[in-house]
Amino acid sequence: MKFLIAIEPGDENTAFGVVVPDLPGCFSAGDTLEEAFDNAREAIEAHCQLLAADGGAMPVLRPMAEHQADADLSGWVWAMVEAPVERFFGPAEKINITVPAGVLARIDEYARSHGESRSGFLVRAAQAAMTGA
């Protein structure tokens, strides 16, 4: 699953700060940008593992534009981090659904333009619909 992260630029005296806006309370840091990315991935996995252990649902990811409107993150750099968290929420199951060809093309284009797979987008959309988000 790809997570959007916000990176607070660091310098020779300050670490790079990382926030994962779709996972409230999930943050990390690193002395280098590479370390910040690695630590963000570890923080996301640990956060989701605890979330699943407490009976929580897989996170619903919101569009970048919503997060960029957050004044607290103004001036931060945005990036995506791949973190394989699906395994914490139960095994995946293959399903067979029927979708009109034109709708499927639009789903695929939307998912691709947002850095998601078709399955990832459909799961996120279903979760958002079920939670009213």
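Figures for the structure shown
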{"quantity": "Those residues of region 1-15 which are farther than 14 Å from Leu73 by Cβ and either crowded, with 22+ Cβ neighbours inside 10 Å or in contact with a strand residue (DSSP E or B) (Cβ under 6 Å, 6 or more places away or on another chain) (or both), in sequence order", "calculated": "Lys2, Phe3, Gly10, Ala15"}
{"quantity": "Gly10 more than 15 Å from the chain's Cα centre (by Cα), part of a loop (DSSP other than H, G, I, E, B) and in contact (Cβ under 8 Å) with a residue 12 or more places away in the chain", "calculated": "yes"}
{"quantity": "Restricting region 83-133 to residues that are under 21 Å from Leu50 (Cα atoms), of a type in the set (Val, Ile, Thr) and not assigned by TED's automatic domain parsing to the domain that holds Ala53, the residue that is modelled with the highest pLDDT", "calculated": "Val123"}
{"quantity": "The lone exception for Ala40 - which of (1) outside the structural domain of Glu116 (by TED's automatic domain parsing); (2) part of a loop (DSSP other than H, G, I, E, B); (3) among the aliphatic types (A, V, I, L, M) it fails", "calculated": "(2)"}
{"quantity": "Filter result for the condition that a residue is hydroxyl-bearing (Ser, Thr, Tyr) and in contact with a strand residue (DSSP E or B) (Cβ under 6 Å, 6 or more places away or on another chain), over Ser117, Ser28", "calculated": "Ser28"}
{"quantity": "Residues that are exposed (fewer than 10 other Cβ atoms within 10 Å of the Cβ) and among the small types (Gly, Ala, Ser), drawn from region 70-104", "calculated": "Ala71, Ser74, Gly75, Gly90, Ala101, Gly102"}
{"quantity": "Qualifying residue in region 75-93 (condition: small (Gly, Ala, Ser), over 18 Å from Pro9 (Cα atoms) and free of Cβ contacts under 8 Å to residues at least 40 places away in the same chain)", "calculated": "yes"}
{"quantity": "Residue within region 7-18 that is within 24 Å of Ala111 (Cβ to Cβ) and out of contact with any Phe, Trp or Tyr (no Cβ under 6 Å at 6 or more places or on another chain) present", "calculated": "no"}
{"quantity": "The lone exception for Met80 - which of (1) touching a Lys or Arg at 6+ places or on another chain (Cβ under 7 Å); (2) in a loop (DSSP other than H, G, I, E, B); (3) modelled with pLDDT of 90 or more it fails", "calculated": "(2)"}
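The values are calculated or read from the model by the stated rules, or taken from the named source; none is laboratory data. Worth saying up front: this structure is predicted, and the values here are computed from it rather than measured. Positions of Cβ are generated from backbone atoms using ideal geometry, with glycine treated the same way; all protein chains shown enter the neighbour counts.
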